[in-house]
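Visitor: Below is one structure. I have some questions about it.
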Amino acid sequence: MKFEAGPRNLITDVAGLRVGHAQDARVKSGTTAIICDQPTVAAVKVLGGAPGTRETDLLAPHNVVEAVDAIVLSGGSAFGLDAGAGVQAALRETNRGFEIFGMRVPIVPGAILFDLVNGGDKDWGRYPPYRELGFAAAMSATEDFELGTVGAGTGALTAGFKGGLGSASTRLPYGMTVGALVAANPSGSVTLGYTRHFWAAPFEIGDEFGGLGLPVPFPADAADLRLKYRDAVPGGNTTLAVIATDAVLDKAGAQRLAIAAHTGFARAIWPSHTPVDGDIVFALATGGSGVVPDRQQMMDLCAAIAATTARAVARGVYAAKAEPGDIFPTWASTPG
């Protein structure tokens, strides 16, 4: 099956989703909010060894809450968990949320990545800025949004290059669409050896992240471990993703897609899912297509979401922009 990108090549090609960013250039960190226009079936899969999360237990298939109002991804390590409160506050102002005893509680799971050692000024005073960043991100959410050094990808780094916020989408012939949004901040490398060729190259559509393809000949050091920090510590890295489809799925089906999306991490990052990465994938299923996938279609969905996630990783690094105080170069500014 030949995959095609959606019209925006963003997660918002899945109708019913909007994305907003907010960032602080001095701090070199930020937040991204994925807003669901309607309560949306959601699941999560954590495969990294050092995760930082909010409200993930409720997403288990056996737990009572079926749908979420938003997902929030943030920099700031554990400080960034405050971003969820900001997104929740923005949703509460529009009367969104799970209703219980006449009260509405916006359901906003989230996750954070470590960007505290990236050249930014983290002397923010008594309280970190993430609650306000979360509110601003939610209030700015639209269908079209920037990639690269924005939102949760503002302070992201990879082994050798700046990381970033990436997104991609794929349309399937059954009338379904899948999308991925990734904040790429892994301990590993997104390129082969010391080249500029992305590990995700086999899945590239057009020249969405440079069109370099795979190197010929294959570099002898491709399998060498090229790590961001050789003395990596738990929680010092992490790649976060939100993947989405308009297929009709329950929480168990959405979790299966989240599992498949982790394959996209493995295809785009070497190594991935290490003890010092907090790799997490959230899955959203809007049901907007009205298509209930059969077994074969579900296999195609899983393949498409893995490829789309890999592409989103590469697109985030490809779009990163150079800024004052950077400690790593951008992919675009590196010769070769």
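The values are calculated or read from the model by the stated rules, or taken from the named source; none is laboratory data. Just so you know, these numbers come straight off a predicted model, no measurement behind them. Methodologically, a virtual Cβ is constructed for each residue, glycine included, from the backbone with ideal geometry; neighbour enumeration extends over all protein chains shown.
Visitor: Does at least one position in segment 212-224 carry a residue that is in a strand (DSSP E or B) and either out of contact with any Gly (no Cβ under 6 Å at 6 or more places or on another chain) or touching a residue at least 12 places away in the same chain (Cβ under 8 Å) (or both)? Steps first, answer last, please.
Guide: Going residue by residue through segment 212-224, those that are in a strand (DSSP E or B) are none.
No, every residue in segment 212-224 fails to be in a strand (DSSP E or B) and either out of contact with any Gly (no Cβ under 6 Å at 6 or more places or on another chain) or touching a residue at least 12 places away in the same chain (Cβ under 8 Å) (or both).
Visitor: Mind listing whichever residues of segment 135-192 are closer than 21 Å to residue 83 by Cβ, β-branched (Val, Ile, Thr) and under 15 Å from the mean Cα position of the chain (by Cα)?
Guide: 149, 150, 154, 182
Visitor: Report the residue count in segment 80-114 for those that are under 26 Å from residue 161 (Cα atoms) and modelled with pLDDT under 95.
Guide: Result for segment 80-114: 1.
Visitor: Which condition breaks for residue 47 when tested against (1) modelled with pLDDT under 95; (2) in contact with a Lys or Arg (Cβ under 7 Å, 6 or more places away or on another chain)?
Guide: (2)
Visitor: What are the pairs, 6+ residues apart or on separate chains, where a residue within segment 138-150 that is closer than 20 Å to residue 110 by Cβ has its Cβ under 9 Å from a residue that is surrounded by fewer than 22 Cβ atoms within 10 Å (Cβ to Cβ) and not aliphatic (A, V, I, L, M)?
Guide: Listed by first residue and then by second, the contacts come to 139/93; 141/18; 142/18; 145/18; 150/321.
Visitor: Let me ask something else. Residues of segment 1-60 being closer than 23 Å to residue 154 by Cα, touching a His at 6+ places or on another chain (Cβ under 9 Å) and not aliphatic (A, V, I, L, M), which ones?
Guide: Across segment 1-60, the qualifying residues are 30, 31, 32, 48, 49.
Visitor: The conditions are (1) part of a helix (DSSP H, G or I); (2) at pLDDT below 95, and residue 274 fails exactly one of them. Which is it?
Guide: Going through (1) part of a helix (DSSP H, G or I); (2) at pLDDT below 95 one by one, residue 274 breaks only (1).
Visitor: Give the residue that is surrounded by the most Cβ atoms within 10 Å (Cβ to Cβ), with candidates limited to residues of segment 159-211 that are part of a loop (DSSP other than H, G, I, E, B) and of a type in the set (A, V, I, L, M).
Guide: Within segment 159-211, the subset part of a loop (DSSP other than H, G, I, E, B) is 159-161, 163, 172-176, 185-188, 190, 192-197, 199-200, 204-211.
Add one more test, that the residue is of a type in the set (A, V, I, L, M), and what stays is 159, 172, 176, 190, 192, 200, 205.
Working: 159: 23, 172: 22, 176: 22, 190: 30, 192: 21, 200: 27, 205: 17.
Of everything passing the filter in segment 159-211, 190 is surrounded by the most Cβ atoms within 10 Å (Cβ to Cβ).
Visitor: Tell me which residues, restricted to segment 23-65, are surrounded by fewer than 22 Cβ atoms within 10 Å (Cβ to Cβ), β-branched (Val, Ile, Thr), assigned to a loop (DSSP other than H, G, I, E, B) and in contact (Cβ under 8 Å) with a residue 40 or more places away in the chain.
Guide: Selection gives 56, 65.
Visitor: Additional query: Checking residue 96 against (1) outside any loop (DSSP other than H, G, I, E, B); (2) closer than 29 Å to residue 250 by Cα; (3) not hydrophobic (A, V, I, L, M, F, W, C), only one condition comes out false. Which one?
Guide: Going through the list (1) outside any loop (DSSP other than H, G, I, E, B); (2) closer than 29 Å to residue 250 by Cα; (3) not hydrophobic (A, V, I, L, M, F, W, C), residue 96 breaks only (1).
For (1) surrounded by fewer than 20 Cβ atoms within 10 Å (Cβ to Cβ); (2) touching a residue at least 60 places away in the same chain (Cβ under 8 Å); (3) among the acidic types (Asp, Glu), each residue gets a yes or a no:
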position: 283; (1), (2), (3): no, yes, no
position: 287; (1), (2), (3): yes, yes, no
position: 291; (1), (2), (3): yes, yes, no
position: 295; (1), (2), (3): yes, no, no
position: 304; (1), (2), (3): no, yes, no
position: 309; (1), (2), (3): no, yes, no
position: 320; (1), (2), (3): no, yes, no
position: 326; (1), (2), (3): yes, yes, yes
position: 329; (1), (2), (3): yes, yes, no
